Each structure stands twice: as C-alpha cells, then as structure tokens.
Amino acid sequence: MKGFDFVAPKTINEVLNTAKKSKKVKFIAGGTNFLPELRHQHDGPADVVIDLMRVNALRGVNVSKKTTSLGALTTITDLIENKDLKKNAPILGAMGAKFAGPVIRNRATVAGNIIDGGPAADAIPPLLALRATVTLAGPRGKRTVALDKFLLDYRKTDIKKGELITRISFPTPPKNHKWGYYKLARRNAMAITVVGVAVLLEISGKTIKKASISLGSVNACPIRCYEAEKMLEGQKADAKLIQEASELCKKAATPIDDIRASAKYRKLMCEVLPRRLLSQALNIQMEK
C-alpha cells in the first residue's frame, strides 16, 4: 500500500491549514470506518491523514432550552451516558444502545457516522427526526446545512474540499415531546440495520403540533418522510390518521434486495414500524 503522512493537530485552524496544503486529505476521528477501509485501499487513503482526536474544540455536549449542540467528536457512548441528553433527547441514547458494541461505541463519533453517508448509518435517523443541522468549517469559513439537505445520495454528502464537520445541532425538544426508535436487524446489536425508523412528535393537547419521521437503510441515504409529517401536523391523532401516515412512509421508501432482506420485506416494514412507533408514542390502539 502507498504510504501517507499522518498528523495530529490540536486546533481547528491547524487542521484547516494542513488540509489546505495537501492535494488529497483524509480526516480520521474514531477510525471505526477508516481502518476497515484502509485494508482494501492499495493506493493509500490520501497524501495526508489528519487525526482530529486532539482537537478539543470539536468536543462537548451543550444543552440549552432552545438548542442542543454536539461536538463532532461526541461518541455514541456519550449519547448514551450524557445526563442532559438522557433528559432532553432520549431518542439518541435509544439509538446508541443498539449501535454495534461497547468498544465501537467508545470510539465511533457522531460526525464520522454522518460523513460516511451510508444508508444504514444508525445515528442519522434520530438526528433527522430531531431536525438537526451540520456546521462545517473550511477554507471559505463556516457554514451550516440542514442534515436532510447535507445527505445527497449513496455515500455522498454536501461537503466541500478541505471542510470538516465541527458541530451537529438541533432544537431542544419540549418536555412534552413523544418519540420512538426502532432498529430492525438480525441481532439486537453488532448488525447492520435492515430498516431503521425514528419518530419525534410535539403535542399540544390532543393535536400533533409538529411531526418528524425518518427512515434508514431503505433509500440511497436516510430520509425524512415529509408527506407523512405534513399529514400528521395540525391534526388530532387517531388510528385512521396513523395508518394513512404510515402508508405514506412506505411510499417514500425505495429499498433494494440484498443479503440481509428483500426489497419487498423492507417496503412492508416501512409501513409496519412507523405505525407501531406512532401508535405507541400517541397511546392509540390500532385496529387489528
């Protein structure tokens, strides 16, 4: 394999300056995606590999009444153990508990899971449901992009040359929010997702004020189910509404056959799982 330079800056400016001087750069954080890929790259991953783990500005979880912000180096274990996230965004911890195993959770970062751009990236559906944004820093300064716009296609994201993710932010959910998460896989953990579903609802009285539903592993990249969300918002929840919204989730999915499941089965689960999570979140008994 072709050799490469390895550097470990301590500030974001040092990272960007190093990246600017190199033709081909690869950023590495937890390394849970990078190291397996390295075994198959005979021409080397890049001219320079930049280790981000010493950049303290990329760490930290900050929660206020309005906004929750995750540093790019926030690990999956952090999502599970952080007390503020347990209280304000428990959907992230629920996802983390199904993410690989403890060793991987301790290393894998939220930004790394996003930038990989894979359809089965487990951290993305809950973040989509939370309506997260991604903040990036690069040669032209900082910019912020909605996560659902940042994901473009299969393993393709809206990241420019020399940019890196610095933070992931989302509006802190209100205390009375309802949520649901389900990872359908062959095992409870250490398995690639067959279908991932995340649901987040804001309720006012008996009316659904805001709805977010996302699907993973059934499209080229994880998606929000916009039509289903639109159907739910402003409506009083009942079994008929949930069924119709779940059908729209199924309609939004374009799965493929692979070694883990058929497209037909995945398509079916894109109606079954949202219906189950919505009915549980809203405490509504569905007709058999």
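The values are calculated or read from the model by the stated rules, or taken from the named source; none is laboratory data. Remember, predicted model here, so these are calculated numbers, not experimental data. Cβ atoms come from the backbone with ideal geometry, glycine included; neighbour counts cover every protein chain shown.
One residue alone among Ala263, Ala239 is closer than 20 Å to Ala220 by Cα and either polar (S, T, N, Q) or at pLDDT 95 or above (or both), and that residue is Ala263. Scanning the range 137-148 for any residue that is modelled with pLDDT of 95 or more, within 10 Å of the chain's Cα centre (by Cα) and surrounded by fewer than 21 Cβ atoms within 10 Å (Cβ to Cβ) turns up at least one such residue. Criterion first (modelled with pLDDT under 95, not hydroxyl-bearing (Ser, Thr, Tyr) and not in a strand (DSSP E or B)) does Lys161 satisfy it? Judged against the criteria, Lys161 is a match.
With respect to the stated conditions, Ile115 is within 19 Å of Phe27 (Cβ to Cβ) and either outside the structural domain of Ala263 (by TED's automatic domain parsing) or among the aromatic types (Phe, Trp, Tyr) (or both). Kindly check whether there is at least one residue in the range 121-136 that is modelled with pLDDT under 95 and farther than 23 Å from Ile213 by Cβ. The answer is no, given that none of the residues of the range 121-136 is modelled with pLDDT under 95 and farther than 23 Å from Ile213 by Cβ. In the range 41-95, which residue that is assigned to a strand (DSSP E or B) and small (Gly, Ala, Ser) is surrounded by the fewest Cβ atoms within 10 Å (Cβ to Cβ)? Once the filter is applied, the top-ranked residue is Ser69. Taken together, Lys98, Lys24 contain a single residue that is basic (Lys, Arg) and outside the structural domain of Gly112 (by TED's automatic domain parsing), which is Lys24. The single condition among (1) among the β-branched types (Val, Ile, Thr); (2) closer than 21 Å to Phe34 by Cα; (3) touching a helix residue (DSSP H, G or I) at 6+ places or on another chain (Cβ under 9 Å) that Val103 does not satisfy is (3). Selection of the range 165-213 for residues being of a type in the set (Lys, Arg) and closer than 14 Å to Ala132 by Cβ yields only Arg167. Of Asp51, Asp122, all but one fail to be more than 25 Å from Phe6 (Cβ to Cβ) and of a type in the set (Asp, Glu); the exception is Asp122.
Does the range 151-160 contain any residue that is closer than 17 Å to Ala137 by Cα, touching a helix residue (DSSP H, G or I) at 6+ places or on another chain (Cβ under 6 Å) and either of a type in the set (Phe, Trp, Tyr) or buried (at least 17 other Cβ atoms within 10 Å of the Cβ) (or both)? Yes; the residues of the range 151-160 include at least one that is closer than 17 Å to Ala137 by Cα, touching a helix residue (DSSP H, G or I) at 6+ places or on another chain (Cβ under 6 Å) and either of a type in the set (Phe, Trp, Tyr) or buried (at least 17 other Cβ atoms within 10 Å of the Cβ) (or both). Restricting the range 5-31 to residues that are free of Cβ contacts under 8 Å to residues at least 60 places away in the same chain and of a type in the set (Val, Ile, Thr) leaves a set whose member that is nearest to Thr74 (Cα to Cα) is Ile28.
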